[in-house]
Each structure stands twice: as structure tokens, then as C-alpha cells.
Amino acid sequence: MSHCSQCGRYVGPYEACPYCGARMAGRVSIRAVKAAAVVLATVGLAVLWLAATRSPVPRIQIGQASATTNMAYVQVQGWVVRGPDYYSDSGYLSFTVADDTGEIRVSAYRKEVSRLRAQGRIPALGDLVSVAGTLRVHEDGVALTVNVPEHVEVLRPEPVERELGSITADDRLLRVRVRG
């Protein structure tokens, strides 16, 4: 109600009539609205934080990476087909992961690389890996940057017993133990 119940004049947003001094009934104070807005914003941020920390990282196939998934935090799984390449002067580590749909270059930098090394999470050629990180889509390809070393999981398959003469090109990336 924007008119005074006593004198009938227009009061506007005031809590008391500026003409007769009567208190306006049913008005919510501006301070109460401000306090409610702060409480609501804080609760909303807490709910968003809980949802973000509890929701799983979406797993995609490498071939699904496109411009619409640029800068998304995703997880990919595949075999290490190139690398790992480590440059000690810059603290840079990279390797290439492939699945049935394509290849992606995975990179990690200084702090993450030192934590990966300390935890023994640096993959070798032929390892099955599951890596989560920030996806970057460039004109020349797709890359994934590791942000959290704990999101790199390495599954090293057991070596297969083979005779030296029985190894063929089909055994590429297969971990073998040679007999004879």
C-alpha cells in the first residue's frame, strides 16, 4: 500500500507517513529485505558448492570433444599411445591417450607433475588410464590439462608370456614378457 491510511496522501517507500507521522502497517523494512537477500545468497552458494563437490565428473569419449565442450571439466579413458614426455627445465609432462573414437593430448604442469611423480601416477606406454581435467579444443586438435593429480588413475596391465618369434605388429602397446 503506497497511501497513508490516516491522511490518504501518497507515502511511497517510507515506513512512516512524512505528512502525519502515522506508521504504515504491513511494510517490510529495507533492512529485512537486505538481510534476507544476504542469507538467501549464502544458502544458494552453499547448495551450489555441495552440488559441485558431490556430482561426478562427466566421462566422455575422445571423439565427442567439440567446440561446445571447450573448457569443460571432463574425464576420458583410454590407452597411452605416445609419451610420456617430461621436460625437467619447465616441469612439463605430456602423453597421448587414445580410445576407439580418437586421440587426445594430456598435459600437466609444475606442481601437478611433482605430485604425480610423488604418487607414482605417471603412466607408461600401453597403460590404461582414466584422466580428468580441463578440456581445450584448438584448431589443431584436442588437449586435456590435468588440474588435480588424484584424478589420474593408471591401470598397468599384467605382461603376457610370449615367445620372442611370436610377437607381431598386432601386439603393439601390449605389455609382454619374453621367453626363450
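Using only the alpha-carbon atoms, how far is helix 30-54 inclined from the longest principal axis of the chain? Give it as 0 to 90 degrees, nearest 10.
Here the helix axis deviates by roughly 10 degrees.
For the residue pair Glu161 and Glu15, what label-to-label distance in nm results when each label sits 7 Å from Cα along the Cα-to-beta-carbon direction?
The answer from the label model is 8.7 nm.
Taking a virtual spin label 7 Å from the Cα of Ser114 along the C-beta vector, which residues in segment 133-151 bring their backbone nitrogen under 20 Å of it?
Counting backbone N atoms under 20 Å from the label point, the list is 146-151.
If you compute P(r) over Cα pairs in 5 Å bins from 0, in percent for the structure shown, which of [x] 1, 7, 13, 12, 9, 7, 6, 7, 8, 8, 7, 5, 3, 2, 1, 1, 1, 0, 0; [y] 1, 7, 11, 12, 11, 9, 7, 6, 4, 4, 3, 4, 4, 5, 4, 3, 1, 1, 1, 1, 0, 0; [z] 1, 8, 14, 17, 18, 16, 11, 8, 4, 1, 0 do you land on?
Among [x] 1, 7, 13, 12, 9, 7, 6, 7, 8, 8, 7, 5, 3, 2, 1, 1, 1, 0, 0; [y] 1, 7, 11, 12, 11, 9, 7, 6, 4, 4, 3, 4, 4, 5, 4, 3, 1, 1, 1, 1, 0, 0; [z] 1, 8, 14, 17, 18, 16, 11, 8, 4, 1, 0, the one derived from this structure is [y].
Per DSSP helix of 4 or more residues, -39500 (n - 2.57); summed, then divided by the residues of the chain. What does that give at 222 nm, rounded to the nearest 500?
Result for the chain, helices only: -6500 deg cm²/dmol.
If I histogram all Cα-Cα distances within segment 1-102 using bins 5 Å wide from 0, what percent of pairs lands in each bin?
In whole percents, the pair-distance histogram is 2, 10, 10, 9, 9, 8, 7, 6, 5, 5, 5, 5, 5, 5, 5, 4, 1.
In segment 139-169, which residues have a backbone nitrogen under 18 Å from the label point lying 7 Å from Thr101's Cα in the Cα-to-Cβ direction?
What the label zone holds, given the 18 Å backbone N cut-off, is 141-145.
If we count every other residue with Cβ under 13 angstrom of Arg59's Cβ, Lys/Arg +1 and Asp/Glu -1, where does the sum land?
-2
Quick check: net charge around Ser107, other residues with Cβ under 12 Å of its Cβ, Lys/Arg +1 and Asp/Glu -1?
+1
Largest first, please: the extent of the C-alpha atoms of segment 62-155 along each principal axis, to the nearest Å.
Projected onto the principal axes, the Cα atoms of segment 62-155 cover 34, 24, 21 Å.
Stokes-Einstein at 25 °C, 0.890 mPa s, Kirkwood radius from Cα pairs: D for segment 1-55 in µm² s⁻¹?
Result for D is 179 µm²/s.
Taking the Cβ of Phe95 as the centre, find all other residues whose Cβ is under 15 Å away and add up their charges (Lys, Arg: +1; Asp, Glu: -1).
Combined, the nearby Lys, Arg, Asp and Glu give -1.
Lys/Arg Cβ at +1, Asp/Glu Cβ at -1, dipole of the chain taken about the Cα centre: which of Ser114, Tyr10, Ala65 is farthest positive-ward?
Selected residue: Tyr10.
Let me know the charge dipole size of the chain about its Cα centre in debye, to the nearest 20, where only the beta-carbon of Lys, Arg (+1) and Asp, Glu (-1) is charged.
Computed charge dipole of the chain: roughly 1160 debye.
Each value in this text was obtained by applying a stated rule to the coordinates, not by laboratory testing. As the structure is a prediction and not an experimental result, all values here were calculated from the model. As a convention, Cβ positions derive from the backbone with ideal geometry for all residues, glycine included, and neighbour counts pool all protein chains shown.
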